[in-house]
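This report concerns only the one structure given below.
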Amino acid sequence: ESDAGDYTCVCGDKQSTASLAVHALPVLFKEELKNEEVQEGASVSLRCELTKAAPVHWKIGSKVLKASDKYQMRQPGTTAELVIHNLEVKDA
């Protein structure tokens, strides 16, 4: 999208100008989340990959998770990762 704009070709005292519009592709899941089974007290990493970098939100049910000692979120490039520490049965 940052490439959109007016482009001009100049040759001596002549020029030609055209406008370029760039339509953004939707963000899709390249690799979806996978089901996990983990022991109580352990940590787990949930990871998915997107077709392009975009902001994500992590939820359990309808509750949006926020970074804390328990929940660690990372997003290097197109990979989104949630690490849940000290798992409890209620985290299922």
For segment 52-64, Karplus-derived ³J(HN,Hα) couplings (6.51, -1.76, 1.60; θ = phi - 60°; whole Hz; x for glycine and proline) come out as 7, 4, 7, x, 10, 10, 9, 9, 10, x, 9, 7, 7
Highest GNM mean-square fluctuation among ALA24, ALA80, ALA67, for the chain with Cα springs under 10 Å, belongs to ALA24
If you look for lysine pairs in the chain that are eight or more places apart or on different chains, how many of them have Cα atoms under 28 Å apart?
-> 19
Tally Lys and Arg at +1 and Asp and Glu at -1 over the other residues with C-beta under 14 Å from the C-beta of ILE84: what net charge comes out?
-> 0
Using the Karplus curve 6.51 cos²θ - 1.76 cosθ + 1.60 with θ = phi - 60°, work out ³J(HN,Hα) for each residue of segment 37-50 in order, rounded to whole Hz, and write x for Gly and Pro.
-> 10, 9, 6, 4, x, 7, 10, 9, 10, 9, 9, 9, 10, 9
In the chain, carbon and sulfur make up what percent of the accessible area (probe 1.4 Å)?
-> 52 percent
The set of residues whose placed amide H lies less than 5 Å from the amide H of LEU65, leaving out same-chain residues fewer than 5 positions away, is TRP58, LYS59, ILE60
Taking only C-alpha pairs under 8 Å that are 6+ residues apart, what is the relative contact order of segment 29-91 in percent?
-> 39 percent
When the chain is modelled as a GNM with alpha-carbon springs shorter than 10 Å, which of THR79, THR17, THR51 fluctuates the most?
-> THR17
Segment 29-91 - accessible surface per residue (Å², probe 1.4 Å) | 75 Å²
Contour minus end-to-end for HIS23 and CYS48, with contour as 0.36 nm per residue of separation and end-to-end as the Cα-Cα distance?
-> 6.5 nm
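The values are calculated or read from the model by the stated rules, or taken from the named source; none is laboratory data. Owing to the predicted nature of the structure, the values given are computational and were not obtained by experimental measurement. Every residue, glycine as well, gets a Cβ built from its backbone with ideal geometry; the counts of neighbours run over all protein chains shown. Note: areas computed on protein heavy atoms with side chains; ligands, DNA, RNA excluded. Shrake-Rupley method; radii C 1.70, N 1.55, O 1.52, S 1.80 Å.
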